[in-house]
Amino acid sequence: MRPSPTRGTARLDDGTAIAYAVTGHGPTVVHVPGWVSHLDLGWAVPAERRFYEGLATGRTLVRYDRPGCGLSGGTDRTDVAELELEVLAAVAEEVGTDRFDLVGASFGAPLAVRWAARHPSSVGRLVLYGGWVHGDRVASPTVRQHVLGLVDSHWGLASDVLTDIFAPEADAGFRAVFARYQRDSASAAMAHQLLAACYAIDVSEDLGRIMARTTVIHRQDDRAVPLSEGQRLAAGIAGATLTVLPGRTHLPFAGDTQSLLGAIRTGLGLPALDPLVAAPALTPRQTQVAQLVSRGWSNRQIAEELVISERSAESHVERIRTRLGFRSRSQVAAWYVASNPPS
């Protein structure tokens, strides 16, 4: 059995519920999400789960869904960067820590910079991957307008386009499940709001106030964010180190995740890991059941297809969930699609 993360809920002053998950043991590291997120579905995607398990080896890893994403409550607020600071404060208080390491990937990197600048005594080590200083330097005005317009007009197509940008080298299974994952994690309106905040943020005045030991990591040919922005982050933070890895992929849990995890763990003062271990294999019958779950079939439909009792179908689904450490059928479905690329 693979254990599921412990889940909890923090609340903002206005009552907004913030879902968070805790995995592992040791000093606390908080992961600031870079884009839309969903605690359950992210844990079901094998590559993403292995990334988080790598962060949680030797640390207590805290993840959360920001307002309007995943399992967290919605919000009418549009001040995304300021709201994120309130979310971080609420989550840290709820898990009972006032000092922690901070890992920010993509949009999470400038957000982590802002937190570390405003709350310097709370951060021990700061690790920034795929981040930037000025959002308006991430893409040209024409590209920004095109992407935002596409999200508004056709979130389905936009999620495919963003997957191509974020993970150009990923296999078909990952691409299919990540495009759907984005749509299941946030509405088109929330996705637009987050992208606009990505393009608008400017942390140039925050860099000089950071006191934490900082590691900046960037992939050489990152298709989403130019290396020059990672270089500017490192140059602006006193004592920061810059590690440049090969690759075009922006998502931290796609591409050469092993090398990236090694660089992040070095930044956290942790030893390297052995090669990442894949999830336990299912039996042939369990794989059949997981495939049918991925089609949205009920236990009765599965029973009729496989000529077994409905009770047996239910037992198979429960065993699959237990073996993979999942809570829901939607996690099983996401896992199957990501693990079985269409031919």
| remark: Heads up, segment 170-217 by the C-alpha gyration tensor (a ≥ b ≥ c square roots of eigenvalues; a/c under 1.5 rounded, else a/b over b/c prolate, else oblate) looks oblate
| task | Search the structure for amide H atoms under 5 Å from the amide H of Ala105, placed 1.01 Å from N in the peptide plane, and list their residues when 5 or more places away or on another chain. | result | Val32, Gly34, Tyr129
| remark: Karplus ³J(HN,Hα) for segment 203-219 (6.51 cos²θ - 1.76 cosθ + 1.60, θ = phi - 60°; Hz, whole; x = Gly/Pro) runs 10, 4, 7, 8, 4, x, 9, 7, 10, 5, 5, 10, 10, 10, 10, 8, 8
| remark: Filtering trypsin sites (Lys or Arg not before Pro) in segment 289-343 by DSSP loop and by at most 12 other Cβ atoms within 10 Å leaves Arg295
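Using DSSP to define loop residues, name the GluC sites (Glu not before Pro) in segment 68-174 whose beta-carbon has at most 15 other beta-carbon atoms within 10 Å. Don't skip to the end; give the middle numbers.
Details: sites: Glu82, Glu84, Glu86, Glu93, Glu94, Glu169; in loops: Glu169.
Listed in order of number, the matching sites are Glu169.
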| task | Please determine, in degrees from 0 to 90 and to the nearest 10, the orientation of helix 329-339 with respect to the longest principal axis defined by the Cα atoms of the chain, where the helix direction is its Cα long axis. | result | 80 degrees
| Karplus 3J(HN,Hα) series, Hz, for segment 62-69 with 6.51 cos²θ - 1.76 cosθ + 1.60 (x for Gly, Pro) | 10, 10, 8, 9, 6, x, x, 10
| request: Collect residues whose amide H, placed 1.01 Å from N in the peptide plane, falls under 5 Å from the amide H of Thr28; neighbours closer than 5 in sequence don't count. | output: Thr60, Asp101
| request: Tabulate in residue order the Karplus-calculated ³J(HN,Hα) for segment 139-144, using 6.51 cos²θ - 1.76 cosθ + 1.60 with θ = phi - 60°, rounded to whole Hz; enter x for Gly and Pro. | output: 8, 5, x, 5, 5, 4
| Percent relative contact order of segment 1-53, based on C-alpha pairs within less than 8 angstrom and at least six residues apart? | 24 percent
| note | In whole angstrom, the spacing between the Cα centers of segment 148-189 and segment 23-66 equals 21 Å
| query | What is the distance, in nm, between label points placed 7 Å from the Cα along the Cα-to-Cβ direction at Thr266 and at Ser228? | reply | 2.6 nm
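FYI, it's all coordinate maths here, none of it is from the lab. All figures in this text were calculated on a predicted structure; none of them were measured in a lab. FYI the Cβ positions are ideal-geometry reconstructions off the backbone, even for glycines, and counts take in every protein chain you see.
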